[in-house]
Every structure is written in C-alpha cells, then in structure tokens.
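Sharing a structure here in structure tokens format.
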Amino acid sequence: MIWKRLGSVDPAELIDTRLQMHWAAQVVAAIGYTFAAPEPDWSHTSLLWSRKYQMLVGQIVGRRTRAGLNPETFELAVLHGEKTTSIPLNGISLDEAYEWLVSASAGIDADRPSTPLVRPNHEMPDHPVGSGAAFNTIARARHELANWFGNAHGVLQRTARQNQNASAVRCWPHHFDIATLIALDPGRPSEDARTIGSGLSPGDEGVREPYFYVTPWPYPDPASLPELPVGYWNTDGWVGAVLKGSVLVALDTANQQRDTVRHFFDTAIAAARRLVDRD
C-alpha cells in the first residue's frame, strides 16, 4: 500500500469538516437503509473505501447502483455500473442533498419503483448542517481527511488478512469510523462472543482528533491492562488501545507513520487477545 503522509493540517483543525462529512455520509448510507437486504449486524447500511474511486461508497443495490462520498472534492455521487453522476455538496443543505439523491437514483428498484428513501435516524453529533445550514467544508481539511481514510483502509486490510475470522473493512455511518472486527468465537451468539475491533475514528467527542484504536470485547478489567509499546489504554467510557493522530503527524516521514500504525495494531491486538483469553 502507498501511505500518504499525514500532517498537512493539524488534527485539531479537522473537526468542523469532519462533522460535515459525518452528516454527508448519512446520505450515502440511506441507499442501503432503504433498498439493501437487511443484515443482523447492520452491515447493509455500511460504507466501504473504494481505491478505484477514492471515495466512501455504499452498498450495491438494484441495477448495480450505489451512492458515494468523495471526501477530497466533497461531492455526493451515484454510481450506476461504470457511469457516475455527482453533485458538489458545498453550498447546498442536507435536505437538498437527499432530494438530489432521490432524483439521481430514480428507478433503483424495479420491483419497488416508488419506495421512499429512508434516512438514517441514529443519534448524530450537533452541527448546523443537521438543522438546515448549507455545507461549507475547507479544501485542505478535506484533503487531509481523505488521506486518513485511505491510509486507514490500507493498513486495516493488512490487519484483516493477518487475523483469522476478521470482517471486511467497513465504515459505519453511526460513528463514522472505519474498522474490521475479529471474531474470536465464530458461530457463538453475538451476546456471548469475544471480539476485537480495530479501526480508525476521524475524531469524536471523547478524542477530538483522528485516532486508531483496538477494542477487546468483553471489556477487560482496567486494572489488568498491560503496558503498550505504542499508544495508551483508554478507560473512560470504553476500554481499548488508542494511538492519537497528533503522535503520528509528529513523525518525520510517511514510512515512519505507516510502520508505527502497523506496530500499534500488531501489538495492541496481541495484547487484546491475551486479555480476552484470560477473562
């Protein structure tokens, strides 16, 4: 994979554009919510990173149709097979984005041509675009966030390949993180199964900058957590290993950043395995 060096924008300056992208991702997810066959883990609503299109794309439904969000250009797209139509989001409202999507994806399901588009209704972070304001993102912040997602996809693909029973790398519209889930007890009921989640959050209320994470489930006793060679353990609200973006951008080269993230995942996942095995 080609790692694009991070740090052209301070991680703390990404918050507003990141929040607007989070809201825009809901528009992409609406296609899956409405037309995809429901999955127990709600993966029918998830997004994937497309290296070909350099965008987050939703599920393929109907006549080879899916929606997408290009974080670099901040365009909402509808892909019909190899044909792509798009609209810039800056300057329009969330309602207008949904209206455009309805028009651009007309006839998506021949068996249900008049099915109304269902908007995701989970709790979202506060931002004026959620109350009708027009999108107004900053180009340099978009470029940096696109690099965060593209880099994370590549390193998480490596993580998924190295760990048996790891899921596809997906971006979840609720939290706007991109992650893979390692199932340690495949076939067991989900409420009893041990898992290790590994991913990237572009930031949230708890950590207001991009960060990589590894979360063992069930959560181990905080008193049992071992020292990590890279990153630290978060115990506020959830238990998991964290590598903050501000640590990465302080490194000199792209290769150092990539290798540090790989080392973080390798060592934190190994520690998480020992913790859930012990419990």
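Around residue 254, with a cut-off of 14 angstrom between Cβ atoms, what is the net charge of the other residues, counting Lys and Arg +1 and Asp and Glu -1?
+1
Residue by residue through the stretch 255-270, which ³J(HN,Hα) values in whole Hz follow from phi under the Karplus form 6.51 cos²θ - 1.76 cosθ + 1.60 (θ = phi - 60°), with glycine and proline marked x?
Result, ordered by residue: 5, 5, 4, 4, 5, 5, 5, 4, 5, 4, 4, 4, 7, 5, 5, 4 Hz.
Calculate the spin-label point distance for residue 8 paired with residue 191, positioning each point 7 Å from the Cα along the beta-carbon direction, and give it in nanometres.
My value for the distance between the label points is 4.9 nm.
Would you tally the net charge around residue 198, using a Cβ to Cβ cut-off of less than 15 Å, leaving residue 198 out, and scoring K and R as +1, D and E as -1?
Summing Lys and Arg as +1 and Asp and Glu as -1 gives +4.
Rolling a 1.4 Å sphere over the protein heavy atoms, what is the accessible area per residue of the chain, to the nearest Å²?
47 Å²
Pop out the ³J(HN,Hα) list for the stretch 162-175 in order, Karplus 6.51 cos²θ - 1.76 cosθ + 1.60 with θ = phi - 60°, rounded to Hz; leave Gly and Pro as x.
Residue by residue, the stretch 162-175 yields 7, 10, 4, 6, 8, 6, 4, 7, 10, 9, 9, x, 5, 9 Hz.
Which one, 166, 193, 139, has the greatest fluctuation when you compute a Gaussian network model over the chain with C-alpha springs under 10 angstrom?
Comparing 166, 193, 139 in a Gaussian network model of the chain, the most mobile one is 193.
How large, in percent, is the carbon and sulfur part of the accessible surface of the stretch 214-262 at a probe radius of 1.4 Å?
49 percent
Relative to the compact globular guide of 2.2 N^0.38 Å, what is the alpha carbon radius of gyration of the stretch 186-279, as a ratio?
1.12
For residue 75, tell me the accessible area in Å² from a 1.4 Å probe, rounded to the nearest 10.
50 Å²
The values are calculated or read from the model by the stated rules, or taken from the named source; none is laboratory data. Being a predicted model, the structure only gives us computed values, none of them experimental. Here Cβ is always computed from backbone atoms with ideal geometry, including for glycine, and neighbour counts include all displayed protein chains. Please note that ligands, DNA and RNA were not included when accessible areas were found on the heavy atoms of the full protein model with its side chains. Shrake-Rupley method; radii C 1.70, N 1.55, O 1.52, S 1.80 Å.
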